[in-house]
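Heads up: the structure comes next, in structure tokens.
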Amino acid sequence: MKHLAEKIKRMMSAFDHNHYDYIMFKEYGIPDFSKLSQEECYAYETEEQEREESLIYIAKKLLPLVQAYIEAKHLPNYYNTFLAEITPFYETKGKILSDTGDMDSELMHVYGKYLDAFDDFYIINARKEFDILENILNSTATLLKDFGIQPKSEPEVYKPMIKICKTAFPDNKDCSHYKFHQTAKCYNPDILIPSLECAIEFKYVNDEKELNRTIDEILADVEGYKGNPSYSVFYAVFYAANSICPPQRFNCMWAEKHFPENWKGIYVQGK
């Protein structure tokens, strides 16, 4: 049951993260189509469709797992009440993608309401903390610039970020002396945040070829982090000293690799 609970938490966390990005994309990413070429319009529509399909895929995988978990608790009335409330969400795409008005997922709100009753899900409502963390990571280039830092290597990126992250997450750990039980060749985290069960690695890249190669290397080592009892969410932050590629292209490159739901890539540019 513990393994099932961990899998559910990872999937809910992935849905929450992707849903937040999707709502932000819908709210603030809509371009003026009259000023776009046909190819640019198509690229936007394709990205929107891919985001929606990813959320629907996770939601459909999640339902039978939660059903199995609650049913195993032998609480038939509780299970039936849950099923009656959750089933209508799966009738249309719009209901799966709907938000509460403050950018939270309605679907995850219902899942959380029923799963919060069980001790296994004490970390289920950590999305706000993840939002803070992701805002910090997405602002890496801006934060370093504000501190007058123009990094020329990975240590010059992650060392200041360790201190910055510590202001928001006091349990942030420097990983210089930490080793996972199965140490990966490429993904050696620079920051661990136990309260969020997450690990963060920073990568410094000079061109798109190196960016793509580094993504492939991390993907090849994902297996080494499966089943870790303490860390279940992983970030890879790629810092480019110059404009290597548009963020949209990086998102496509990352999506094409089919990383597990609990892995997220973030791309930032220094100049």
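One chain, two ends: Asn212 and Val110. Fully extended at 0.36 nm per residue, the span grows by 32.9 nm beyond their Cα-Cα distance. Only DSSP H runs of four or more residues enter the estimate; each adds -39500 (n - 2.57), and after division by the residues of the chain the mean residue ellipticity at 222 nm equals -17000 deg cm²/dmol. Residue separation of Phe118 and Lys61 scaled by 0.36 nm, minus their Cα-Cα distance, works out to 18.5 nm of gained length.
Pairs from the table (Lys95/Lys209; Lys128/Lys203; Lys7/Lys145; Lys60/Lys159) lying more than 29 angstrom apart at Cα are Lys95/Lys209; Lys7/Lys145; Lys60/Lys159.
The HN-Hα couplings worked out from phi for the stretch 242-249 by the Karplus form 6.51 cos²θ - 1.76 cosθ + 1.60 (θ = phi - 60°) are 10, 6, 8, 7, x, x, 4, 5 Hz, whole numbers, x standing for Gly and Pro. The residues of the chain expose, per residue, 53 Å² of accessible area to a 1.4 Å probe.
Taking a straight line from the alpha carbon of Lys271, these aspartates and glutamates sit under 19 Å away, with near neighbours fewer than eight places off in the same chain left out: Asp146, Glu154, Glu156, Asp207, Glu208, Glu210. Using a probe radius of 1.4 angstrom, the carbon and sulfur fraction of the accessible surface of the chain is 52%. Taking a threshold of 27 Å on the Cα-Cα distance, which of the pairs Lys35/Lys93; Lys93/Lys113; Lys73/Lys113; Lys163/Lys257; Lys2/Lys26; Lys73/Lys166 fall above it? In this structure, Lys35/Lys93; Lys163/Lys257; Lys2/Lys26; Lys73/Lys166 exceed 27 Å between Cα atoms. Comparing Ser37, Ser13, Ser153 in a Gaussian network model of the chain (Cα springs below 10 Å), the most mobile by mean-square fluctuation is Ser37.
Spacing of the modelled spin labels on Thr46 and Thr167, each 7 Å from Cα toward Cβ, amounts to 4.0 nm. Per residue, the average separation of C-alpha pairs within less than 8 Å and at least 6 apart gives the chain a relative contact order of 17 percent. The calculated FRET efficiency for Ala255 paired with Ser153, based on their beta-carbon distance and R0 = 35 Å, is about 0.80.
For Tyr231, the accessible area of its heavy atoms, probed at 1.4 Å with every protein chain present, is near 10 square angstrom.
The values are calculated or read from the model by the stated rules, or taken from the named source; none is laboratory data. Since the structure is predicted, the reported quantities are computational estimates derived from the model, not experimental observations. A quick note on method: Cβ atoms are made from the backbone with ideal geometry, for glycine too, and the neighbour counts reach across all protein chains shown. With ligands, DNA and RNA removed, areas are computed over all heavy atoms of the protein, side chains included. Shrake-Rupley method; radii C 1.70, N 1.55, O 1.52, S 1.80 Å.
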